[in-house]
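Engineer: Attaching a single structure in structure tokens format; questions to follow.
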Amino acid sequence: MSDASIALTSAWAGGKSPYATNSKKFGMWLFLISDSLTFSALLFAYTYCRVVEPNWPKPFQFSPSIIFSSIMTFCLLTSSLTMVMAVHAMNHGNRKATVRWILATMAGGIAFVILHLTEWLRLINDEHVTPFTNPWGVPLFGGTFFGLTGLHMTHVIIGVIYLAIICQAVARGKFKFEDVEVSGLYWHFVDLVWMFIFPMVYLMSARI
Amino acid sequence: MSTYTDTPQEEIVDVAKAGAPTFLKVWIALLVMTGIELLLTYEQVPTLIMLTALLGLSIIKAALIIAYFMHLKFERLSLFLTLFPMLIFCIILMMIFLADAYRIPLMRPPQ
């Protein structure tokens, strides 16, 4: 077989999908990769500031901060499990089960946001940490901490709204498997980012 | 004038190959690794070792989520090769600046 005929019969010759995936999913993957770079840059900025400042504060006591953040991790991990079960149920055409699993996922997301806001309020009211000032004289702590965790919490809130839209559509017999799968990709990404924020921000600054 | 059509259904890879038991195992593995991270925090290990261990565990957890929950393990290799090498390369490029952060405290005048 000549080189030209190999090129024409390859997956990249045109008329085929080289990734064997639909455009919605590929679009979501591209968005998630670009979003990963945003979070990588923020995590990098946090780490950079931390290394530069020898007196970096350690405001996270075991109780309640580390306990709260561990429960938040549990909520997100469990919501990822329920989301993958929703995708699985939708693939088997079971719309009722899909709705139930998505509702469970949303509950995990809402619990995460409530716990996170409680933790934020404790830091602001009890430890007097704001995005610009704190009692330890390291203003970059508040800026990087609230910037990073705030952007993540925004993603979780958007994810809950996104899932609510998908859930009501699935319940009404609209949308296909791929729509649930794409929303699942977004939700797992939110979980994935927290897998880096939890150890890098909370555990590395735990007050022992 | 041609009209746009998405990938035909028969060409799409069936990614929902893993079942509930696999997802449950992955979830348990993720919880166990989170528990190990918590234990490490209170074991008074040197900062550099702790940072390496925490980052290593986080990367393993991320890989499990991407492979099983996001189904990338069941997608075509071409999708992985299009998305991830660029991401990893960019993150490594960012890390180059971290050496600068270690230099700055040494440049401060003694107080």
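Engineer: Can you tally the net charge around residue B:98? Count Lys and Arg as +1, Asp and Glu as -1, for every other residue whose Cβ sits under 15 Å from the Cβ of residue B:98.
Structural biologist: My count for the surroundings of residue B:98 gives 0.
Engineer: Checking the table A:16/B:73; A:16/A:96; A:174/B:17; A:16/B:61 against a 32 Å threshold on Cα-Cα, which pairs fail?
Structural biologist: Pairs exceeding the cut-off: A:16/A:96; A:16/B:61.
Engineer: In nm, to one decimal, how far is the residue B:81 label point from the residue A:117 one, both placed 7 Å along Cα→Cβ?
Structural biologist: 4.7
Engineer: Another question about this same structure. Relative to the longest principal Cα axis of chain A, at what angle does helix A:95-125 sit, 0 to 90 degrees, rounded to 10?
Structural biologist: Tilt of helix A:95-125: around 20 degrees.
Engineer: For a label point 7 angstrom out from the Cα of residue A:55 toward its Cβ, which stretches of region A:126-163 have the backbone nitrogen within less than 14 Å?
Structural biologist: Answer for this model: A:134-141.
Engineer: Would you work out if region A:26-81 is rounded, prolate or oblate? Take a ≥ b ≥ c from the square roots of the eigenvalues of the alpha-carbon gyration tensor; rounded if a/c is under 1.5, else prolate when a/b is larger than b/c, oblate otherwise.
Structural biologist: It comes out oblate by the Cα gyration axes.
Engineer: Taking Cα pairs under 8 Å and at least six residues apart, what relative contact order does region A:23-205 come out at, in percent?
Structural biologist: 33
Engineer: Sticking with this structure for a sec: Packing-wise, with mean Cβ within 10 Å as the measure, how do A:104-114, A:62-72 rank, highest first?
Structural biologist: So the peptides A:104-114, A:62-72, ranked by packing, come out A:104-114, A:62-72.
Engineer: Moving to a separate point now. Taking only DSSP H segments of four or more residues, each worth -39500 (n - 2.57), what value at 222 nm results for the protein assembly as shown once the sum is divided by all its residues, to the nearest 500 deg cm²/dmol?
Structural biologist: Taken over the protein assembly as shown, the calculation gives -23500 deg cm²/dmol.
Engineer: At 7 Å along the Cα-to-beta-carbon direction for both residue B:67 and residue A:132, put a label point, then send me their distance in nm to one decimal.
Structural biologist: About 4.8 nm, to one decimal.
Engineer: While we're here: With a sphere of radius 13 Å drawn around the Cβ of residue A:170, what net charge do the other residues whose Cβ falls strictly inside it have (Lys, Arg +1; Asp, Glu -1)?
Structural biologist: Residues close to residue A:170 contribute a combined charge of +3.
Engineer: OK, next. Averaged over peptide A:57-68, how many Cβ atoms belonging to another chain are found within 10 Å of each residue's Cβ?
Structural biologist: Neighbouring Cβ atoms belonging to other protein chains average 1 per residue here.
Engineer: How high is the relative contact order of region A:123-208? Use alpha-carbon pairs under 8 Å, at least six apart in sequence, and give a whole percent.
Structural biologist: Rounded, it is 19 percent for region A:123-208.
Engineer: Just the projected area, averaged over all directions, of the convex hull on the alpha carbon atoms of the protein assembly as shown: how many nm²?
Structural biologist: The orientation-averaged projected area of the Cα hull of the protein assembly as shown comes to 21.4 nm².
Engineer: Determine the sum of side-chain charges near residue A:105: Lys and Arg each +1, Asp and Glu each -1, restricted to other residues whose C-beta is under 14 angstrom from that of residue A:105.
Structural biologist: Charge balance near residue A:105 sits at -1.
Engineer: Still on this structure: Considering every pair of different Cα atoms, what Kirkwood radius, in Å, is found for region B:9-107?
Structural biologist: 16.6
Engineer: Next question, about the same structure. Residue separation times 0.36 nm, minus the C-alpha to C-alpha distance between residue B:100 and residue B:55: what's the value?
Structural biologist: 14.2 nm
Coordinate-derived values only; no laboratory data. This is a predicted model, so every value here is computed, not measured. Neighbour counts run over all protein chains shown; Cβ positions are idealised from the backbone, glycine included.
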